[in-house]
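Computed from the coordinates by the stated procedures, all read-outs in this text should not be read as laboratory data. A quick note: this is a predicted structure, and the numbers were derived from the prediction, not measured. Cβ coordinates were reconstructed from backbone atoms using ideal geometry, including for glycine residues, and neighbour counts include every protein chain displayed.
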Amino acid sequence: MNANRVRTAFFAAAALCLAAAPLAAADLKTVGSGDAMNFDPSGFREEMKSKFEIMRSKCVKCHTMERTIVAIKTGVAPISGQPFDRGATKAYGIKMLRKPDSDMNKDQVKAVVELMNYLLDEAAR
């Protein structure tokens, strides 16, 4: 197989995976659209609902919830294009803890990371 065919096959496979990603996350419910998009926490486990309240109040100070929803549903961080997985949630948590304007303490960051990992698991179902 020549290099062009391999490259074409790779990009075709990648496009199929990206196109199918939202279908895999069909059970993760959201409300609203665009900048007003948010998770619908009614189906969350009870212990995740309090963590959602932290995310809902803290994370939207710097970016819309839509950014988080897209990352969780697609598995790709919308700004960087990097994979959004458990490793990424931990890295983003550390980044937010270090940001002086995040107004988040260690326990809050831990709760939000746990919630995002839960949401990633739910999206993968």
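Quick notes on this one:
- Theoretical gain in end-to-end length, residue 117 to residue 45 [0.36 nm per residue, Cα-Cα removed]: 24.6 nm
- HN-Hα J in Hz across the stretch 39-47 - Karplus 6.51, -1.76, 1.60, θ = phi - 60°, x for Gly and Pro: 6, 9, x, 4, x, 6, 4, 3, 5
- Computed over the stretch 43-85, the P(r) tail beyond 11 angstrom holds 68 percent of alpha carbon pairs.
- Spatially proximal lysines relative to residue 106 (Cα-Cα < 18 Å; intrachain offsets below 8 disregarded): 51, 58, 61, 90, 95
- Electrostatic dipole magnitude of the stretch 41-125 [Cβ: Lys, Arg +1; Asp, Glu -1; Cα centre; debye, to 20]: 200
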